[in-house]
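The values are calculated or read from the model by the stated rules, or taken from the named source; none is laboratory data. None of these values were measured; they are calculated from a predicted model. Quick reminder, even Gly has a Cβ in these numbers, built from the backbone with ideal geometry, and neighbours come from all protein chains shown.
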Amino acid sequence: MPKENEKNGTIPTDIAAHFCAIADDNDSKLNKSLLSVNKLFPCKIFVFLFSVMSLTALVSAIWLVILGEWHVIIEGILFILISVPILSVFMMPNVFLTSLIAKVMNQGKKIPVLLLQIIVDLYLFSLISVWCLGIMWHFVYVYENPIIPLFFWSYGIALSPWWWFCKKDERYDNTDIFATLPTFFAQLAYLGAIAMFFMGIQWKGIIMTFLVIMFIGVILFQYLQYQYYVDVKQQSLNKN
């Protein structure tokens, strides 16, 4: 699967990709295992939230145009255009590590697989955090006014490449938690940061709020992947 993912432009980010690689795609029991994990996290909320916030970002862009802030719009569009190729380069370490995880998994080494997967997940969530906070800082802190459309326009700029990665993931079908959860938590963290700002919290508190929400996402991501691992192992034992 790693080779197929690279051909399709997909960047594998989690252990579920490797379960799929060693599992029979026609095995309904394994599909039920994935569905049972997805029930713990309603992924359609992700799609709904992103749709609503994308509309808000579009309205904010129109707002900025009316105010004559064309330079902000043009700059945002340029960020969106260059974001995917730039972030793809920074995602390359995860491509290497997920390939390594596949090899180690085939050897039956559970602890190394777990440790490597933690590194992969921490790197992914950290990269998302740095990108989103960087975009937020640039558009909101540097330009300052008008603050409301700037905040929601920056949201659209920051989240658009991660939405694109979700759509490119061959496992994405609006229900697969492993393809959507990192971006979902980035949305929650961004909205949390916006809420903190309008509550009068200083930038240090805003950044900490964002990072805490993303760290919770890492923990949940690890738990759900472990749950899926347990389900797949149990189904394999029952099959044998």
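Structure values in brief
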{"item": "Members of segment 105-118 found to be surrounded by 15 or more Cβ atoms within 10 Å (Cβ to Cβ) and either at pLDDT 80 or above or closer than 19 Å to Pro161 by Cα (or both), listed by number", "result": "Leu114, Leu116, Gln117"}
{"item": "Cβ-Cβ under 8 Å pairs, at least 6 apart or on other chains, segment 46-62 side more than 13 Å from Ala158 (Cβ to Cβ) and of a type in the set (Phe, Trp, Tyr), far side at pLDDT below 80 and buried (at least 16 other Cβ atoms within 10 Å of the Cβ)", "result": "Phe46/Thr180"}
{"item": "Leu124, sole failed condition from (1) buried (at least 17 other Cβ atoms within 10 Å of the Cβ); (2) free of Cβ contacts under 8 Å to residues at least 60 places away in the same chain; (3) under 14 Å from Phe165 (Cβ atoms)", "result": "(2)"}
